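For reference, the structure discussed in these notes is given below.
The values are calculated or read from the model by the stated rules, or taken from the named source; none is laboratory data. Everything quoted here is computed from the prediction, not taken from an experiment. In this analysis, Cβ positions are derived from the backbone assuming ideal geometry, glycine residues included, and neighbour counts consider all displayed protein chains.
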């Protein structure tokens, strides 16, 4: 046991330090499950309303990509299976991955691990503690979700399957993150690798669910295992075998991570960063520094969403076939669009809204890294010279805005390039134009992060809350019959469809709010103390 000497006191200290970051994940995901049970009867009290909901969601491929296959939506438990099952597993995976990176590789980058290693703590203890904390968080999430959801009326067995899928995905991707921490050059790249893996495997599951591809493809992704474990409807029994498979894979990934750790240098990955140029020139400027710090994650986002756009473009013919085969549903789903041919473009617009949210996440990562660099005391030396605070902040903010736009345009171009040759009613120029008008709404979400980091960094989590709220309102608001006032909270609600007599007043308002948020961020950054 010498390889994990000192792990127990380190575990106690890590739990005390990390509990404040873990609890919000548990609260959010528990609320996501329990609220499905609580809200169902109130929002859809009549059988006719529930049948209409099932018809609408079953006919929308975008919903299958995001939430998984639609089962029985005529009961609260069936609705919870659909609404919370896959999306909850996705966020559980993020929780597990971020916990491991934060408590293993990030500590090496900050120097905390070296300080801890100066005591009677072996090298293997750090990774062991990180995986143990992730495991405790995963089982705590599953237990709390099950208890609370059953307490508000959920079926015990069905809820146990949902909660078990949360735990299973958190464990598997904690193992993925442990491997990424050994391979990557630093914690930022490790985070990018982990999130990219999660997103890719989630997209694969979405592709299978929305296109009717071969079912065996689901066994290539842990999210498919989670889905196979869940009953299609409350009448069918759950299957625990896929969750046991996830547990076995998590153990194997953890063992591989320990083996890789024994073969890398402290503070370096198996693929370390290259040295900088001998002469500064362009690379010595602040904009270049910002680009270099975020280069790895930017490349990952561009490649990942480009592939996602290609996948969505390939789905366009399936969307068109669905509309032709279900003429009755066209009237339900059109929401004011008279021409059925416009429905395929309307579906693609839904995906572009989703891409807007994801692109904003990429921009927010770059904005929030400003504060991470500040916490590592790398900003103060830069500002000690002739560099002015607004110039430093502007360089990073411009990169975040440019990255958001580039990622959106790459994904939108991929959708248009793949979909337009296959579907006569989809025009490549219209898809690219719709992508372009969605970018300002994504910028508004990035601007929330700029305002928080610039003026009051301790509330920077509000930026992620804005992303989550926008996602929920944009995709679920119409199904929950939210008022126009509530829908207007989402900046994406103000993005017009360019093929349908667009009204630009809402988007101008979003632009004005974005400018106000940027002004708050820059004014606050000029006046507050820098760590």
Kindly establish whether residue 507 is in the same structural domain as residue 350 (by TED's automatic domain parsing), assigned to a helix (DSSP H, G or I), surrounded by 13 or more Cβ atoms within 10 Å (Cβ to Cβ) and modelled with pLDDT of 85 or more. yes
Just need a number here: residues in region 343-379 that are more than 24 Å from residue 296 (Cα to Cα) and more than 22 Å from the chain's Cα centre (by Cα). 4
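So which residues in region 23-52 are part of a helix (DSSP H, G or I) and surrounded by 20 or more Cβ atoms within 10 Å (Cβ to Cβ), if there are any at all?
25, 26, 29, 30, 32, 33, 34, 36, 37, 40, 50
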Would you confirm whether or not region 471-488 contains a residue that is modelled with pLDDT of 90 or more, part of a helix (DSSP H, G or I), buried (at least 18 other Cβ atoms within 10 Å of the Cβ) and assigned by TED's automatic domain parsing to the domain that holds residue 351? no
Is it true that residue 379 is in the same structural domain as residue 531 (by TED's automatic domain parsing) and either within 16 Å of residue 515 (Cα to Cα) or touching a strand residue (DSSP E or B) at 6+ places or on another chain (Cβ under 7 Å) (or both)? no
Only one of (1) modelled with pLDDT under 60; (2) assigned to a loop (DSSP other than H, G, I, E, B) fails for residue 323. Which number is that? (2)
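For residue 73, state whether it is at pLDDT below 85 and out of contact with any strand residue (DSSP E or B) (no Cβ under 6 Å at 6 or more places or on another chain).
When the stated conditions are applied, residue 73 passes them.
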With the requirement that a residue be on the phi < 0 side of the Ramachandran plot and at pLDDT below 85, what does region 489-502 give you? 499, 500, 502
How many residues are crowded, with 19+ Cβ neighbours inside 10 Å and assigned to a helix (DSSP H, G or I) if we restrict to region 374-394? 2
Among the numbered criteria (1) in contact (Cβ under 8 Å) with a residue 60 or more places away in the chain; (2) assigned to a helix (DSSP H, G or I); (3) surrounded by fewer than 16 Cβ atoms within 10 Å (Cβ to Cβ), which one does residue 445 miss? (3)
Across region 367-424, the tally of residues that are in contact with a helix residue (DSSP H, G or I) (Cβ under 7 Å, 6 or more places away or on another chain) and under 30 Å from residue 307 (Cβ atoms) stands at 30
